[in-house]
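What follows is calculated from the coordinates using simple rules that are stated; it is not laboratory data. Bear in mind the structure is a predicted one, so any value in this text is a computation, not a measurement. Glycine also receives a Cβ, built like all others from the backbone with ideal geometry; neighbour counts cover every protein chain displayed.
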Amino acid sequence: MQSAPLPETLAGLAGLDPNSVPVMILTSLIGAALIGTLMMTNTALAGPWAKRKITAAFTDRIAVDRIGPFGLLIIAADSVRLLSKELIVPDGVDRPAWDLAPLLIASSALLGFAVIPMGSGLHLADPEVGLAYVFATASMASVGLVMAGYASNNKYSFLGGLRAVAQNVAYEIPLILTGASVVIFAGSLQMSEIVAAQSQTLVGPLPSWYAFVNPFAFVLFMIANLAEVGRNPFDIPEAPTEIVAGYQTEYSSVYFVLIYLGEFIHIFLGGAIIATIFLGGPAGPVLPGIVWFMIKIWGVFLFTQWARSAVPRVRIDQLIEIGWKGMLVLSLANLLLTAVIVGVIA
Amino acid sequence: MSIEKPSSPTEIGVTDDGLDYDALAELLGGHVLDRESHVNAEGFVIRPDEVQEVLSTLKTEAGFDHCACVTAQEYDDRYESIYHLRKYDDPTQELSIVVPSPKDDPHNQSAARVYDTADWHEREAYDLVGIDYDDHPDLRRILLPDTWQGHPLSQDYDQSQPQIVTLRENANPLQEDRRSEDDPDTMFVNIGPHHPATHGVLHVKTVLDGEQVADIDPDIGYLHRCEEQMCEHGTYRHQIMPYPDRWDYSGAGIINEWAYARAAEDLVGIDVPEYAQVIRTMSAELCRITGHMLALGTFALDVFGDFTAVFQYAFRDREVVQSILEDLTGQRLMFNYLRLGGVAWDLPEPREEFFEKTRDFLDDLPYKLEEYHDLITGNEIFQMRCVDTGILTPEQAKAHGATGPVARASGVDYDLRRDDPYGYYDELDWNVVTESGCDNFSRVLVRMREVEESARIIEQCVDLLEQWPEDDREIQANVPRTLRPDPDKEIYRAVEGAKGELGIYIRSDGTDKPARFKIRSPCFSNLQTLPELAQGEYIPDMVASLGSLDIILGEVDR
């Protein structure tokens with residue numbers, strides 16, 4: 001299962017010494033560009049096209065079908081449209097922060113993919129603190145949201161930014177606690193170890209993925225992840241009918257694209273974390289690992305879109321209540337139980 | 001019969017055959033200076049400085065708890081405000097209180113201390129006609145901008161002089177954050193006129209305390225199109241009928257047309273053939289379904305937060321009704337189908353096809369409603385959001401003149417189709433839907449259940465129309481080409497619109513055009529309850545409450 005990280009493979013392919021520093025830098029950059037491009041391609045597919053098609057399927061519509069086969073060329077058309085729009089900078093925005101926020105939102109999620117084993121050798125790095133690193137990068141987006149909300153000099157943005165913080169604080173703790181219960185099972189924070197630990201079979205043909213070993217933790221994680229990526233019923237920081245578009249109200253053109261891109265990459269990163277720690281990473285029969293991995297993260301994406309189409313939004317106070325009084329308690333209980341069970345068995 | 005209403009305790013002046021106005025005049029004693037005879041009720045003329053006294057006597061002792069409308073107008077020698085009073089228990093018991101005020105300095109006492117609903121109605125009268133109301137809590141312009149010069153419906157107003165007022169002239173969108181000095185933590189925020197949740201161009205001046213609404217003031221008038229004045233410039237027979245379609249444009253156009261048709265027909269005494277009444281009843285209920293579907297879809301939009309499944313489903317089903325209406329009237333929205341004395345044309349040929357299409361829709365409807373109940377009312381998050389939020393007590397509803405589903409969801413059993421019958425409603429078997437929850441959830445539930453009742457009515461109408469003898473299909477009474485009602489006849493007549501009591505006041509002056517045409521819009525009165533619903537609630541609940549009121553700004557602003 002475990003293969004050499006992508007930079008080393010690349011160096012080996014080019015016949016260079018993987019241990020020399022310049023080669024390491026070069027191959028790492030190439031590897032990062034590969035992974036980044038892969039994820040951006042996924043996002044490009046998801047944002048302008050798949051999201052529309054999926055929502056349309058849920059709501060009895062057809063959606064884009066005029067340009068190209070299945071309307072796929074809408075991706076190109078939308079890119080031109082979005083990028084050619086005027087970038088409006090409102091009076092009184094807090095300049096460096098206002099400009100940095102979209103970049104931070106878009107890039108922080110992308111960073112997380114560095115340690116995700118996507119199968120078929122697509123694994124950039126495998127540090128021992130892999131899972132902690134992923135959670136850390138994913139959380140950085142919250143800083144971006146606050147920056148965007150606070151720097152926009154708009155009351156709706158401000159409210160959206162505050163909501164984003166409240167929500168992320170309330171849901172990141174259960175998210176990480178539930179993730180920690182997996183770490184107890186696997187006995188390691190290293191992503192490749194977590195994947196390897198899920199490679200046995202549980203009962204019959206059922207693999208010992210942690211989603212099957214501990215379905216309770218899986219459900220908790222999925223819910224907390226919905227809040228983490230801000231989709232219904234937890235799309236409160238944007239809440240279009242309440243606070244217009246929340247923290248992204250004042251962003252247009254490229255900045256808007258960056259924020260949107262960041263959101264989608266964030267959903268995919270959420271999917272990648274779920275796939276890795278609960279669904280056996282790239283494991284699966286017949287097809288190559290990367291295909292299975294993509295199927296899994298698109299499955300999570302589909303789930304978020306389903307929730308978005310069918311579930312009402314909760315109120316901010318209800319959200320906080322669910323987070324602190326429900327999710328936190330449940331995830332703590334889950335963690336304790338897991339620790340006890342693993343302690344007794346081991 | 002199912003549409004019988006429980007009887008109410010007897011009040012002063014109530015007799016078996018209508019109101020005894022002599023007893024009411026006796027109650028008021030010397031306050032009544034003169035008595036006028038309007039077509040719908042008697043009018044008592046009173047002194048301008050005794051309005052509060054007279055109205056509160058009538059409210060507390062004679063049971064007139066519903067101030068339906070305030071009409072203001074200018075005569076050659078005086079100004080006049082008319083308070084159209086009725087009872088929630090029996091709206092056929094009506095009384096008009098006529099308050100003249102002097103030409104050179106028009107002012108009379110405000111009724112807003114007695115009826116909360118008079119607040120906005122008097123502001124409108126001040127705005128458009130120019131009467132000052134003493135002791136009014138907040139006499140500002142309401143439809144026109146604060147900087148407007150003159151009062152458009154007064155006689156000396158220069159209609160030819162255009163006035164262009166930009167927002168910047170009468171409001172500073174970037175004004176300071178706090179509304180009150182004593183509470184520095186509050187934040188002032190303009191919700192609208194361009195905001196995803198305002199269902200049109202409504203501007204809600206909101207003061208927030210954190211996420212909670214500390215103070216709220218709806219600012220209307222962005223869609224004011226001088227509908228009343230346009231109607232005053234049209235002839236009764238043909239030129240007014242297209243306008244009502246543009247008031248409540250949620251798809252409920254035919255009900256609006258009926259409001260005008262009913263008032264004008266009663267004014268000149270036209271009897272509508274029964275066959276036409278059945279067609280009217282059927283088409284009005286189809287319109288009610290489109291209106292309620294829109295309300296349901298947009299409310300889901302407000303609570304779900306996006307153009308989600310429920311919204312699209314509601315529109316999908318509304319589309320079916322619209323296509324039936326298109327077959328019938330030739331139009332999808334601006335029907336212009338009713339005529340004084342009947343309807344424009346008979347059902348489309350072949351009739352069987354039309355009946356089949358309508359029946360198909362009615363047969364599918366229960367399954368669709370079940371789907372909605374699964375998706376919306378059965379959803380726990382939805383219940384969490386809507387139950388016990390946006391409370392409107394029956395007392396508040398009555399005080400603010402709320403009608404329609406908004407009032408019925410607060411347990412106020414008031415439906416003009418049953419209580420003041422018109423058309424063919426009293427011959428059919430159906431129920432008035434009420435809920436006692438008083439909250440956002442009840443308002444949604446009332447609309448969904450009313451769709452079922454409307455379907456029942458349509459079904460009976462379709463049966464009737466199918467069996468109607470072919471030689472008796474009279475769609476139009478004999479109405480003169482030009483209608484000239486006798487001078488100085490006055491009438492206030494209302495129908496049950498999709499949003500509530502949609503009333504029309506007409507005063508004739510002997511010509512073929514009305515001298516005064518006043519629209520009592522249900523949304524206008526219902527929107528007044530928003531501060532009651534939203535104060536102290538969270539922003540999302542305020543938005544949900546606004547959605548549950550189901551206002552159509554075209555009807556609020558006219």
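Let's test the formula: R0 of 51 Å, r as the Cβ-Cβ distance of A:Leu336 and A:Arg81. What FRET efficiency results, to the nearest 0.05? Each step should come with its number before you reach the end.
Values: r = 52 Å, r/R0 = 1.01.
E(calc), rounded to 0.05, equals 0.50.
Which lysines, if any, have their Cα less than 20 Å from the Cα of A:Lys53, not counting same-chain residues under 8 positions apart?
Reachable lysines: A:Lys296.
In the protein assembly as shown, if the dipole is taken from +1 on Lys/Arg beta carbons and -1 on Asp/Glu beta carbons about the Cα centre, which of B:Thr117, A:Val203, A:Leu16 is farthest to the positive end?
The one lying farthest along the dipole's positive direction is A:Leu16.
Over the whole of A:59-66, what's the average partner chain Cβ count within 10 Å per residue? Rounded to a whole number, please.
Going residue by residue through A:59-66 and averaging, the value is 2.
If neighbour count is taken as other Cβ atoms inside 10 Å, put B:Asp415, B:Asp426, B:Asp512 in order from fewest to most. Walk me through the numbers before you get to the answer.
Details: B:Asp415 27, B:Asp426 11, B:Asp512 16.
The most exposed by this proxy come first: B:Asp426, B:Asp512, B:Asp415.
Summing Lys, Arg as +1 and Asp, Glu as -1, what charge do residues with Cβ under 15 Å from the Cβ of B:Tyr249 carry, B:Tyr249 excluded? Kindly include the intermediate steps, with their values, before the conclusion.
Numbers: positive: B:Arg225, B:Arg246, B:Arg288, B:Arg318, B:Arg332, B:Lys499, B:Arg558; negative: B:Glu227, B:Asp245, B:Asp248, B:Glu257, B:Asp550, B:Glu555, B:Asp557.
Surrounding charge for B:Tyr249 is 0.
Please sort through the DSSP H helices of chain B and keep those with an alpha-carbon extent of at least 27 Å along the long axis and a Kyte-Doolittle average not below 0.5.
Details: long enough: B:274-304 (44 Å, 0.66); B:309-329 (29 Å, 0.05); B:351-372 (31 Å, -1.36); B:440-467 (41 Å, -0.17).
The answer, listed by residue number, is B:274-304.
Let a ≥ b ≥ c be the square roots of the eigenvalues of the Cα gyration tensor of segment B:227-557; is it rounded (a/c under 1.5), or, if not, prolate (a/b larger than b/c) or oblate? Intermediate results must be reported in sequence, preceding the final value.
Numbers: a/c = 2.08, a/b = 1.33, b/c = 1.56.
In terms of gyration-tensor shape, oblate.
Just need log10 I(q)/I(0) for segment A:92-345 at q = 0.10, 0.11, 0.13 Å⁻¹, Debye formula, equal scatterers on the alpha-carbon atoms, no solvent, rounded to two decimals.
Log10 of I(q)/I(0), two decimals: -0.48, -0.58, -0.80.
Got a sec? How would B:Cys226, B:Cys67 order by Cβ neighbour count within 10 Å, fewest to most? Write down the numbers at each step before the final one.
Details: B:Cys226 16, B:Cys67 27.
Neighbour counts put them in this order, fewest first: B:Cys226, B:Cys67.
Given the convex hull of the Cα atoms of segment B:14-134, what is a quarter of its surface area in nm²? Mind showing how you got there, number by number?
Working: hull surface 28.1 nm².
Taking the Cα atoms of segment B:14-134, their convex hull projects to 7.0 nm² on average.
Calculated FRET efficiency, B:Asp512 and B:Thr92, Cβ-Cβ r, R0 25 Å, to nearest 0.05?
Numbers: r = 30 Å, r/R0 = 1.18.
In this case the efficiency is close to 0.25.
Could you tell me the distance between the Cα centroids of segment B:338-393 and segment A:48-86, to the nearest Å?
About 32 Å separates the Cα centre of segment B:338-393 from the one of segment A:48-86.
Does segment B:428-558 come out rounded, prolate or oblate, given a ≥ b ≥ c as the square roots of the eigenvalues of its C-alpha gyration tensor, rounded meaning a/c under 1.5 and, failing that, prolate meaning a/b above b/c?
Taking the square roots of the gyration eigenvalues as a ≥ b ≥ c, segment B:428-558 is oblate.
In whole angstrom, how far apart do the alpha carbon centroids of segment B:456-493 and segment A:283-346 sit?
Spelled out, the Cα-based centre of one part sits 62 Å from the other.
When the scattering of segment B:272-388 is computed by the Debye formula from its Cα atoms alone, each counted once and equally, what is log10 I(q)/I(0) at q = 0.19, 0.21 Å⁻¹?
-0.99, -1.13
Round to the nearest 0.05 the FRET efficiency obtained for A:Val329 and B:His233 when R0 = 45 Å and r is the Cβ-Cβ distance. Don't skip to the answer; put the middle values down first.
Values: r = 68 Å, r/R0 = 1.51.
Efficiency, from the Cβ-Cβ distance: 0.10.
Relative to the compact-globule scaling 2.2 N^0.38 Å, provide the ratio for the alpha-carbon radius of gyration of the protein assembly as shown. Before the final figure, lay out each step's value.
Working: Rg = 32.6 Å, N = 904, 2.2 N^0.38 = 29.2 Å.
So the protein assembly as shown has a normalised radius of gyration of 1.11.
Among the lysines, which have Cα under 22 Å from the Cα of B:Lys398 when same-chain residues fewer than 8 positions away are ignored?
B:Lys5, B:Lys59, B:Lys87, B:Lys499, B:Lys518
Just to be sure I understand the curve: with the Debye formula and one point per C-alpha of segment B:288-357, what is log10 I(q)/I(0) at q = 0.14, 0.21, 0.26 Å⁻¹?
-0.54, -0.88, -1.09
Taking the Cα-to-Cβ direction at B:Glu452 and at B:Arg484 and moving 7 Å from each Cα, how far apart do the two end points lie in nm?
Distance between label points: 5.4 nm.
Residue separation times 0.36 nm, minus the C-alpha to C-alpha distance between B:Asp77 and B:Leu362: what's the value? Walk me through the numbers before you get to the answer.
Working: separation 285, 0.36 × 285 = 102.60 nm, distance 5.58 nm.
In short, 97.0 nm is gained.
Around B:Arg443, what is the net charge, scoring Lys/Arg as +1 and Asp/Glu as -1 over all other residues with Cβ under 14 Å from its Cβ? Provide the component values of the computation, followed by the final result.
Details: positive: B:Arg385, B:Arg408, B:Arg447, B:Arg449, B:Lys499; negative: B:Asp302, B:Asp388, B:Glu435, B:Asp439, B:Glu450, B:Glu532, B:Asp541, B:Asp550.
Computed value for this residue: -3.
May I ask for the net charge around B:Glu61, where only other residues with Cβ less than 13 Å from the Cβ of B:Glu61 are counted and Lys, Arg are +1 while Asp, Glu are -1?
On the way: positive: B:Lys59, B:Lys87; negative: B:Glu11, B:Glu26, B:Glu53, B:Asp65.
With Lys, Arg at +1 and Asp, Glu at -1, the neighbours total -2.
How far apart, in nm, are the 7 Å Cα→Cβ label points at B:Glu380 and A:Ile62?
Simple spin-label model gives 4.0 nm for this pair.
Would you compute, from DSSP H runs of 4+ residues alone, the mean residue ellipticity of chain A at 222 nm, taking -39500 (n - 2.57) per run and dividing by the full residue count, rounded to the nearest 500?
Values: 15 runs with 226 residues, N = 346.
It lands at -21500 deg cm²/dmol.
If you average 1/r over all unlike Cα pairs in segment A:143-219 and invert the result, what Kirkwood radius do you get in angstrom? It would help to have the intermediate numbers written out before the result.
Numbers: mean 1/r = 0.0668 Å⁻¹.
Computed over segment A:143-219, the radius equals 15.0 Å.
Separation between the B:Val45 and B:Leu33 pseudo-spin-labels, each 7 Å from Cα along Cα→Cβ, expressed in nm?
0.7 nm
Please order A:Ile74, A:Ile88, A:Ile30, A:Ile297 by the number of other Cβ within 10 Å, starting at the fewest. Spell out each step's value before the answer.
Working: A:Ile74 20, A:Ile88 11, A:Ile30 15, A:Ile297 25.
So the ranking, lowest neighbour count to highest, is A:Ile88, A:Ile30, A:Ile74, A:Ile297.
Provide the three semi-axes, in whole Å and in decreasing order, of the ellipsoid equivalent to chain B as defined by the square roots of 5 times the Cα gyration tensor eigenvalues.
Numbers: eigenvalues 226, 199, 105 Å².
Here the semi-axes work out to 34, 32, 23 Å.
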